[in-house]
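The values are calculated or read from the model by the stated rules, or taken from the named source; none is laboratory data. On a predicted model such as this, the values are computed, not experimentally measured, just so you know. FYI the Cβ positions are ideal-geometry reconstructions off the backbone, even for glycines, and counts take in every protein chain you see. Just so you know, the surface numbers come from the protein's heavy atoms only, side chains and all, with ligands and any DNA or RNA stripped out. Shrake-Rupley method; radii C 1.70, N 1.55, O 1.52, S 1.80 Å.
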Amino acid sequence: MAVLLLAEVNDGALAMDATAKAVTAATALGDVTVLCAGATCSEAAAQAATLFGVAKVLCAEDAIYSKRMAEPVADLMVSLAGEFEHIVAPATTDAKNIMPRVAALLDVMVISDATAVVDGATFERSIYAGNAIQTVQSSDTTRVVTFRTSTFDAAPTGGSAVVEAIGAAGDPGLSSWVEDKVAASDRPELTSAGVVVSGGRGVGSEEDFKIIEALADKLNAAVGASRAAVDSGYAPNDWQVGQTGKVVAPDLYIACGISGAIQHLAGMKDSKIIVAINKDEEAPIFQVADFGLVADLFDAVPELTEKLGRNDPCPCGSLRKFKACCMSSGKYDGSLRDYFFASNPCTDSSLSVYGVLKINKYCLERSLCVIPSFWNTTVEILLVNTGSSALAEKNGPFVKCGFCSVPFSKAAEIAGTLARAGVPDSCDLLFSY
Amino acid sequence: MKVLVPVKRVIDYNVKVRVKADGGGVDLANVKMSMNPFDEIAVEEAIRLKEAGKADEVVAVSVGVKQAQETLRTALAMGADRAILVVAADDVHKDIEPLAVAKLLAKVVQEEQPGLVLCGKQAIDNDMNATGQMLAALVGWSQATFASEVDVKDDKAKVTREVDGGLQTIEVNLPTVVTVDLRLNEPRYASLPNIMKAKKKPLDEKTAAGYGVDVAPRLNVISTAEPAQRAAGIIVSSVDELLGKLKDAGAV
């Protein structure tokens, strides 16, 4: 019972969240071998090897895989398919491009966007834009499946699978990459964000989408949009939530000016808490919302943005209420995150960080852990040694203390990680998420 | 260059889907059926290629029940030159799987030798998102999925694709299979004179058996169920009340 899982690798970097969720789904099927393909992907392979449930990682490095064009990657997977009963991947646009090609080359059907594993041959998937759930049983000997990531939890890290370098399959030479236009953003990735704030046609213009973005930034949320908003040009296509866009299931989904067309609901109805703000009380979105507010979004959203977090402890670590501390003293300019990082931008371009947070371990425990927008955020902690200690002499001014995936609500664990790394209390923390 | 456009007859996108009480699928009897919206975009793009002088013939093809004739007539009314119907099922409830459809389309491709196949990225009924990719694999062609821009030049096509992080532009060798996404174009409505003219355009009828393709499903549908409904929520009267509720629920 062996499973080959195509990891999501973009330009050499592993998309940890999507891959880890697919690993969870795949471990129900058997021993998981992860395939990382890219021009360079040894780092991605090493990272995939830390996922629990992964037995082995295959690392195929070759220029022909650099942009993961469907034709060469499908040929590579078919060349490896022999020993595997299942060939699976997270249902990203990349995998949706590649996996049906793999299936057809193997003369088997593909099972797209599976939402549950019933047994080795039987899967659940949604059809008709989520209006019906179908249970299908495959009669093929090799089952090619993509998993909808929003319905599976991410596999934890801490494992140590072996990584094996493998050679490339042939280059069919049918296609070539021209360019990527990737929207750069400091916000969390839409499909894995804990909070998503979305705007619909009701927002009315690209300019007015800023009020949606302001609320999102306050909550450290990703920004989404309905198809109507994307088609009207208010928001870019990669923000689209829905059956034909991205399927999300955050802890909190705030829909602003979205009527709730079936195809949008299909993309967000598995969210834990849904809030709807719409001035039309008949809007279907209210039928799925846990909390509905019948109001003009142009009044309600800025008010919500302003009032959020006023009574939380101040992020500066003063233990006073935010509204009585930095907010009233004018240090705060509208975005908590900007506030955190604005004062000390990181100048080391090799680090993907947003800035340096001048705060010590005590403050981390006492204050950051009570800022809810940072809960459940996966953070990579890097340490900046401000004093001249032995650590700095040994490793230079930056010390990477490892990938820390504990929620911020468990600040004690972070403190423990720091202690084990031998970090003195005087160190500042530098983190990215 | 000849452009082949596979189109699928599906439940109209405005119709509320009802799951049969016995769990045996979705009720399609006496329900309004239309062309899959993504396929409409593909037909439109093919016609625009012809209007721009880059294509000289647009052939629509559909695989399914006899009633798919209506869908093909729609494509002809929009501007396709002729149509091919491959009858593969006699029950409207029987959905031919993408693999079987791709195999039949591969046969049609062999006969017709098109330079480009343009199809929808997925059908809105089974949401499989597979037929185009499978066809490309079976005929050994390049593929460009989720297209939002298609530029055909000489023996190559430059295609902008809608991917997770934004947009990706690739260049593929012709012949190729392009599957289209929502933002590629806005399909035209067929005018009444064109609808009348479409009735006289040629529509060939073939069968799956005639092509020697086995359309038996590989996936056995065990059950079809309504999705779990969310419990009814509450309407709050103010932002303050909303914030209070969210705090109580631990969401902010």
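Answer yes or no: is there a residue in the range A:163-181 that is closer than 19 Å to A:Gln240 by Cβ and either within 9 Å of another protein chain (Cβ to nearest Cβ) or not aliphatic (A, V, I, L, M) (or both). Looking through the range A:163-181, at least one residue is closer than 19 Å to A:Gln240 by Cβ and either within 9 Å of another protein chain (Cβ to nearest Cβ) or not aliphatic (A, V, I, L, M) (or both).
Do you know which of the residues in the range A:96-125 that are over 26 Å from the mean Cα position of the chain (by Cα) and open to solvent by 40 Å² or more (accessible area, probe 1.4 Å) is farthest from the other protein chains (Cβ to nearest Cβ)? This residue is A:Asp119.
For the range A:276-290, filtering for residues that are at the interface with chain B (Cβ under 7 Å from one of its Cβ atoms) and either open to solvent by 30 Å² or more (accessible area, probe 1.4 Å) or among the β-branched types (Val, Ile, Thr) (or both) leaves 2. Scanning the range A:68-95 for residues that are in a loop (DSSP other than H, G, I, E, B) and either open to solvent by less than 10 Å² (accessible area, probe 1.4 Å) or more than 8 Å from chain B (Cβ to nearest Cβ) (or both) yields A:Arg68, A:Phe84, A:Glu85, A:Ala91. Residues of the range A:205-230 being over 14 Å from A:Gln263 (Cα atoms) and open to solvent by 20 Å² or more (accessible area, probe 1.4 Å), which ones? Residues satisfying the conditions are A:Ser205, A:Glu206, A:Glu207, A:Asp208, A:Lys210, A:Ile211, A:Glu213, A:Ala214, A:Asp217.
If you go through the range B:169-202 and keep only what is among the hydrophobic types (A, V, I, L, M, F, W, C) and open to solvent by less than 40 Å² (accessible area, probe 1.4 Å), you end up with B:Ile170, B:Val172, B:Leu174, B:Val177, B:Val178, B:Val180, B:Leu182, B:Leu184, B:Ala190, B:Ala198.
Consider A:Ile254 carefully, then state whether it is open to solvent by less than 10 Å² (accessible area, probe 1.4 Å), within 11 Å of another protein chain (Cβ to nearest Cβ) and more than 22 Å from B:Gln122 (Cα to Cα). In short, yes. Listed by first and then second residue, the pairs with beta-carbon distance under 6 Å, at least 6 apart or on different chains, first residue in the range A:42-67 and on the phi > 0 side of the Ramachandran plot and in a helix (DSSP H, G or I), second modelled with pLDDT under 95 and open to solvent by less than 10 Å² (accessible area, probe 1.4 Å), form an empty list.
When the strands (runs of 3 or more DSSP E) confined to the range A:108-197 are screened for residues that are touching a Lys or Arg at 6+ places or on another chain (Cβ under 6 Å), touching a residue at least 40 places away in the same chain (Cβ under 8 Å) and under 21 Å from A:Lys21 (Cβ atoms), those reaching at least 1 such residues are found at A:110-119. For the range B:217-237, taking the residues that are part of a loop (DSSP other than H, G, I, E, B) and in contact (Cβ under 8 Å) with a residue 12 or more places away in the chain, the one that is surrounded by the fewest Cβ atoms within 10 Å (Cβ to Cβ) is identified as B:Glu226.
Pick from the range B:14-51 the residues that are of a type in the set (Val, Ile, Thr) and in contact (Cβ under 8 Å) with a residue 12 or more places away in the chain: which of them is farthest from B:Asn194 (Cα to Cα)?
Initial filter on the range B:14-51 (of a type in the set (Val, Ile, Thr)): B:15, B:17, B:19, B:26, B:31, B:41, B:43, B:47.
Keeping just the survivors that are in contact (Cβ under 8 Å) with a residue 12 or more places away in the chain gives B:15, B:19, B:26, B:31, B:41, B:43, B:47.
Working: B:Val15: 26, B:Val19: 36, B:Val26: 33, B:Val31: 25, B:Ile41: 18, B:Val43: 15, B:Ile47: 14 Å.
The qualifying residue farthest from B:Asn194 (Cα to Cα) is B:Val19.
Within the range B:149-168, take every residue that is within 7 Å of another protein chain (Cβ to nearest Cβ) and either over 18 Å from the mean Cα position of the chain (by Cα) or of a type outside the set (Asp, Glu) (or both) and give me the one that is most open to solvent (accessible area, probe 1.4 Å).
Filtering first and then ranking leaves B:Lys158.
Inspect all residues belonging to the range B:175-195 and state whether any of them is within 11 Å of chain A (Cβ to nearest Cβ), hydrophobic (A, V, I, L, M, F, W, C), assigned to a strand (DSSP E or B) and under 23 Å from B:Ile41 (Cα atoms). Yes, because at least one residue in the range B:175-195 is within 11 Å of chain A (Cβ to nearest Cβ), hydrophobic (A, V, I, L, M, F, W, C), assigned to a strand (DSSP E or B) and under 23 Å from B:Ile41 (Cα atoms). Count of the range B:196-218 residues, restricted to those that are within 14 Å of chain A (Cβ to nearest Cβ) and more than 20 Å from the chain's Cα centre (by Cα), is 4. Residues in the range A:142-156 that are open to solvent by 20 Å² or more (accessible area, probe 1.4 Å) and at pLDDT 95 or above: A:Thr142, A:Arg143. Scanning the range B:2-39 for residues that are open to solvent by 60 Å² or more (accessible area, probe 1.4 Å) and either at positive phi or of a type in the set (Asp, Glu) (or both) yields B:Asp22, B:Asp27, B:Asn30.
All conditions but one from (1) touching a helix residue (DSSP H, G or I) at 6+ places or on another chain (Cβ under 7 Å); (2) facing another protein chain (nearest Cβ under 10 Å); (3) farther than 18 Å from A:Leu29 by Cα apply to A:Val144; the one that does not is (3). Can you tell me which residues in the range A:221-232 are touching a Ser or Thr at 6+ places or on another chain (Cβ under 9 Å) and more than 20 Å from A:Phe291 (Cα to Cα)? Within the range A:221-232, A:Arg227, A:Ala228, A:Ala229, A:Ser232 meet the criteria.
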